[in-house]
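*Asks:* Sharing a structure here in structure tokens format.
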Amino acid sequence: MFGFNDMIKFFVSFLIILPMVSVIHVSGHSFMAMLFGGKASLDIGMGKRLLKVGPIQVRRIYFIDSFCKFGELRVDNRLTSALVYSGGCLFNLASIFLINLLIIKDVLEPNLFFYQFVYFSTYYVFFALLPVQYGDNKLSDGLAVYKVLRYGERCEINN
């Protein structure tokens, strides 16, 4: 049964954990783009901009969506583009393994926060890799990786 105590867990998940997972995801895209010589910017959230630090913008509704924009890559081929598109999932997977490793090594105590973090990270990876098209030239990471590897097409991803 969903009670009052669960509301606190819900708001922690919704306002802290899910945005963290999203930021890790788009940071992966950004990191990969910069690794291959591209310029990247991160937008966290939607709505009016609250603050801007370098290439990072935080918007008023920070817990809904985030995305990475990147320009031309200096090292631009099918593999590097596929790594940029899959960078978000790679960062999410790395965070899952890191949390689990730290718990196994008794550096972190297992608790609900880490359970939810791993749960949402797994959720993010699963749905990002589904090969779907969200709209005109807005693709999931999985479909973008498929198209760039199969056809050499560079696409805008929905992150």
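The values are calculated or read from the model by the stated rules, or taken from the named source; none is laboratory data. The structure presented is a predicted model; accordingly, all values stated were derived computationally and were not measured. Reconstructed Cβ throughout: ideal geometry from the backbone, glycine too, with neighbour counts over all protein chains shown. Surface areas here come from the heavy atoms of the whole protein model, side chains and all, with no ligands, DNA or RNA. Shrake-Rupley method; radii C 1.70, N 1.55, O 1.52, S 1.80 Å.
*Asks:* Of all residues in the range 126-143, which are in contact with a Ser or Thr (Cβ under 8 Å, 6 or more places away or on another chain) and part of a helix (DSSP H, G or I)?
*Replies:* The first filter runs over the range 126-143 and keeps only residues in contact with a Ser or Thr (Cβ under 8 Å, 6 or more places away or on another chain), leaving 127-134, 141.
Correct list: 127, 128, 129, 141.
*Asks:* Output the number of the condition that residue 49 fails; it satisfies all remaining conditions of (1) farther than 27 Å from residue 153 by Cα; (2) buried (at least 18 other Cβ atoms within 10 Å of the Cβ).
*Replies:* For residue 49, the failing item is (2).
*Asks:* What residue, of 22, 30, 86, 41, is open to solvent by less than 70 Å² (accessible area, probe 1.4 Å), at pLDDT 90 or above and either out of contact with any strand residue (DSSP E or B) (no Cβ under 7 Å at 6 or more places or on another chain) or farther than 26 Å from residue 144 by Cβ (or both)? Even if it seems obvious, please write down each step before you answer.
*Replies:* Details: 22 fails: either out of contact with any strand residue (DSSP E or B) (no Cβ under 7 Å at 6 or more places or on another chain) or farther than 26 Å from residue 144 by Cβ (or both); 30 fails: either out of contact with any strand residue (DSSP E or B) (no Cβ under 7 Å at 6 or more places or on another chain) or farther than 26 Å from residue 144 by Cβ (or both); 41 fails: either out of contact with any strand residue (DSSP E or B) (no Cβ under 7 Å at 6 or more places or on another chain) or farther than 26 Å from residue 144 by Cβ (or both).
The match here is 86.
*Asks:* Step by step: first the residues of the range 128-159, then only those that are under 15 Å from residue 67 (Cβ atoms) and loosely packed, with under 14 Cβ neighbours inside 10 Å, then the one that is nearest to the chain's Cα centre (by Cα). Which residue is that?
*Replies:* Step one: list which residues in the range 128-159 are under 15 Å from residue 67 (Cβ atoms), which gives 128, 134-135, 137-141, 144, 155-159.
Right, trim to loosely packed, with under 14 Cβ neighbours inside 10 Å and you get 134-135, 137.
Details: 134: 16, 135: 19, 137: 19 Å.
Applying the filter and picking the extreme gives 134.
*Asks:* Now, a different point. Select, from 61, 104, 56, 16, the only residue that is touching a Gly at 6+ places or on another chain (Cβ under 7 Å), open to solvent by 60 Å² or more (accessible area, probe 1.4 Å) and more than 18 Å from residue 140 (Cα to Cα).
*Replies:* On the way: 104 fails: touching a Gly at 6+ places or on another chain (Cβ under 7 Å); 56 fails: touching a Gly at 6+ places or on another chain (Cβ under 7 Å); 16 fails: touching a Gly at 6+ places or on another chain (Cβ under 7 Å).
Testing whether each residue is touching a Gly at 6+ places or on another chain (Cβ under 7 Å), open to solvent by 60 Å² or more (accessible area, probe 1.4 Å) and more than 18 Å from residue 140 (Cα to Cα) leaves just 61.
*Asks:* Taking the residues in the range 107-125 that are open to solvent by 80 Å² or more (accessible area, probe 1.4 Å) and in a loop (DSSP other than H, G, I, E, B) as candidates, determine which candidate is nearest to residue 9 (Cα to Cα).
*Replies:* 110
*Asks:* Let me ask something else. Can you pull out the residues in the range 53-72 that are out of contact with any Asp or Glu (no Cβ under 9 Å at 6 or more places or on another chain) and part of a strand (DSSP E or B)? Talk me through it step by step, then tell me what you get.
*Replies:* Going residue by residue through the range 53-72, those that are out of contact with any Asp or Glu (no Cβ under 9 Å at 6 or more places or on another chain) are 53-55, 60-64, 70-72.
The answer is 53, 60, 61, 62, 63, 64, 70.
*Asks:* If residue 71 satisfies all but one of (1) within 30 Å of residue 151 (Cα to Cα); (2) modelled with pLDDT of 95 or more; (3) out of contact with any His (no Cβ under 9 Å at 6 or more places or on another chain), what's the number of the condition it fails?
*Replies:* Condition not satisfied by residue 71: (2).
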